[in-house]
Amino acid sequence: MKRFDTINVIPLIDVMLVLLAIVLTTASFIVKDNLKIDLPQTQSTQAYMPEEKPPISFHIDANNQLYLNEQPRSLADISDFLVSLDKQQPLILQVDKQANFGDFVALVDAIKQQQLTQLTILTKAAP
């Protein structure tokens, strides 16, 4: 009978690589929402289907702070950024229900001034 002095770890490494690939693949699909935006509820909310182009996200939190792709910005900075966008660029707008309506209107007005038409305003479905 042959004596085994060492353990073959190659199958263990193969299994660990497969598990690592699975974890990395599923982790990339988890959406992490750093901003605490409490969306208003609506009765006619539809499921959001992202466009082929990756959308640009705008947020207004309860403290009326504007965000561009989760980075705090002023309305002037956002207006300057909007000038460089393609007219068919998809945009997502999330506004906290405690935010001032005036800030929402100012952001939508800045978007419309640049004739950007692919705007989606996200809400959550009422129970």
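The values are calculated or read from the model by the stated rules, or taken from the named source; none is laboratory data. In this text the structure is predicted, and so the values were computed from the model without any measurement. Positions of Cβ are generated from backbone atoms using ideal geometry, with glycine treated the same way; all protein chains shown enter the neighbour counts.
Quick rundown of the values:
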| read-out | value |
| --- | --- |
| Verdict on residue 9 being modelled with pLDDT of 80 or more, loosely packed, with under 12 Cβ neighbours inside 10 Å and either among the β-branched types (Val, Ile, Thr) or in contact with a Leu (Cβ under 8 Å, 6 or more places away or on another chain) (or both) | yes |
| Candidate set from the range 83-110 (those that are in contact (Cβ under 8 Å) with a residue 40 or more places away in the chain and part of a helix (DSSP H, G or I)); member that is farthest from residue 54 (Cα to Cα) | 103 |
| Matching residues in the range 56-82 - criterion: being in a loop (DSSP other than H, G, I, E, B) and surrounded by fewer than 17 Cβ atoms within 10 Å (Cβ to Cβ) | 62, 63, 64, 65, 69, 70, 74 |
| Residues located in the range 111-127, provided they are of a type in the set (Gly, Ala, Ser) and surrounded by 12 or more Cβ atoms within 10 Å (Cβ to Cβ) | 125 |
